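Encoded as structure tokens, the structure appears first; notes follow it.
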Amino acid sequence: MSELETAVAALPLEERPLRVLIVAGSARRVDGCPGLDGKARALMHRMLGRLPAAWQADHVDIGNEHGKPKIQGCNGCVGTSMALCVWPCNCYGPGSDHQPDLMWNEKLYPRLARADAWAIIGPVWWYGPTTNLKAMFDRLVCMSGGNPRPDLIDKKSTLKAQALERSPLWRDLTRNHLEGRTAGFFCYGNEGGNEVDEAGLPRILSHPAWFDPDDEPYGGEERKAYQGLVWQCRYSGIEVPDLLWRHARTGIGRPYADDQADDMMREADAMARFDAWVDAFVSHVAAKGPVPGTTEAEQGAQSTT
């Protein structure tokens with residue numbers, strides 16, 4: 001190491017409280033179509049109660065609240081040119097009356113940038129995360145290599161973006177904008193509740209010979225339903241230890257009407273698994289300490305639209 005590198009490495013980390021962002025990823029909301037909150041919201045508040053008092057805990061529910069903007073879909077700019085995929089996303093902006101976007105209205109880009117660690121909580125819906133969580137992470141493609149200088153491409157010029165990506169300048173611009181943070185994932189599911197029989201086949205299926213339930217996705221390891229989100233984080237420089245990627249079975253064998261948030265809270269095994277995940281999250285994030293540069297990252301995650 002050079003003398004300068006040695007001196008920089010010896011600088012003390014910023015002294016401040018640890019900052020975490022908890023995301024409840026269920027689509028269900030009490031003031032939405034179902035009229036009942038999802039379990040993710042209850043778990044989010046349970047986690048808030050278990051975090052150290054000295055931490056700065058931020059939280060957001062991305063459920064479908066009546067009259068509230070939804071997360072707009074990713075337009076796939078990166079498929080045209082990595083330099084066309086702007087960090088933070090400039091396909092949409094805050095306060096739009098024609099394309100209202102929950103990501104921007106909730107200021108999720110700067111809130112994610114400000115945090116040292118994220119806790120993502122959500123259900124397994126048809127062997128995957130909810131539409132809301134998938135949409136959020138699709139829109140976070142720009143955190144991995146996205147263009148921080150939309151002024152160089154006149155905000156959204158395809159030809160200028162492609163030219164920039166081919167130029168030597170691009171290697172100095174592209175980077176993982178939220179690298180160094182930690183993310184924990186906790187998912188849960190009822191694996192069909194009482195809609196499946198003892199053999200694992202749907203009760204209303206007319207042609208059970210069409211498939212073998214033993215060939216079900218993930219081989220019984222349901223946490224892998226969130227593997228796409230986990231690996232997106234890992235490829236973006238965000239640490240996701242296996243210990244912080246967990247799943248709990250809840251509501252097994254019960255009708256959906258009897259598998260609500262308050263029912264889940266009475267399931268000792270599911271709650272023990274969740275509490276152990278929270279404790280592991282706290283231990284890991286505390287040992288790791290503050291992530292350098294979050295203030296600058298938050299400042300750089302403002303809308304340019």
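Values quoted throughout were computed directly from the atomic coordinates according to the rules given, and no laboratory measurement underlies them. These numbers come from a predicted model, not from an experiment. Note: ideal-geometry Cβ built from the backbone for every residue, glycine included; neighbour counts use all protein chains shown.
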Q: Can you pull a Stokes-Einstein diffusion coefficient for the stretch 59-171 at 10 °C (1.306 mPa s), Rh from Kirkwood over Cα pairs, as a whole number of µm²/s?
A: 104 µm²/s
Q: Could you sort 185-192, 281-288 so that the peptide with the highest average Cβ count within 10 Å comes first and the rest follow in order?
A: 185-192, 281-288
Q. Highest GNM mean-square fluctuation, the chain, Cα pairs closer than 10 Å: which of MET103, MET265, MET44?
A. MET265
Q) Taking the Cα centre of the stretch 32-80 as the origin, how large is its charge dipole in debye, to the nearest 20, when only Lys and Arg (+1) and Asp and Glu (-1) carry charge on their Cβ atoms? A) 140 debye
Q. Hey, what do the phi angles of the stretch 154-171 turn into as Karplus ³J(HN,Hα) couplings, whole Hz, using 6.51/-1.76/1.60 and θ = phi - 60°, x for Gly and Pro?
A. 6, 6, 7, 7, 4, 5, 5, 5, 5, 5, 5, 5, 7, 8, x, 4, 5, 5
Q: Under a 10 Å cutoff between Cα atoms, tell me which one of LEU169, LEU112, LEU133 has the largest fluctuation in the Gaussian network model of the chain.
A: LEU169
Q.
Helix-only estimate, please: 222 nm mean residue ellipticity of the chain, summing -39500 (n - 2.57) across DSSP H runs of length 4 or more and dividing by its residues, to the nearest 500.
A. -8000 deg cm²/dmol
Q. If you take the alpha carbon radius of gyration of the stretch 182-262 and divide it by 2.2 N^0.38 Å, what ratio comes out, to two decimals?
A. 1.34
Q. Tell me which aspartates and glutamates have Cα within less than 15 Å of LYS155's Cα, excluding those fewer than 8 residues away on the same chain?
A. GLU165
Q | Over the stretch 146-232, equivalent-ellipsoid semi-axes from the Cα gyration tensor in Å | A | 48, 17, 11
**Q.** Overall form of the stretch 47-111 per C-alpha gyration tensor (a/c, 1.5; a/b vs b/c)
**A.** oblate
Q: Using only alpha carbon pairs under 8 Å that are at least six residues apart, calculate the relative contact order of the stretch 60-171 and give it in whole percent.
A: 38 percent
Q) If you take the Cα atoms of the chain, find Rg, then find the Kirkwood Rh from the mean of 1/r over all pairs, what is Rg/Rh? A) 1.01
Q. Taking the Cα centre of the stretch 92-199 as the origin, how large is its charge dipole in debye, to the nearest 20, when only Lys and Arg (+1) and Asp and Glu (-1) carry charge on their Cβ atoms?
A. 820 debye
Q.
As a quick test, which of the pairs LYS156/LYS288; LYS70/LYS156; LYS70/LYS160; LYS70/LYS288; LYS39/LYS288 have an alpha carbon distance above 27 angstrom in this structure?
A. LYS156/LYS288; LYS70/LYS160; LYS70/LYS288; LYS39/LYS288
**Q.** GNM result for the chain, Cα springs below 10 Å: residue of ALA163, ALA42, ALA270 fluctuating most strongly
**A.** ALA163
Q. From the backbone phi of the stretch 296-305, what are the Karplus-calculated ³J(HN,Hα) couplings (6.51 cos²θ - 1.76 cosθ + 1.60, θ = phi - 60°) in whole Hz, Gly and Pro given as x?
A. 5, 5, 4, 5, x, 9, 8, 5, 10, 7
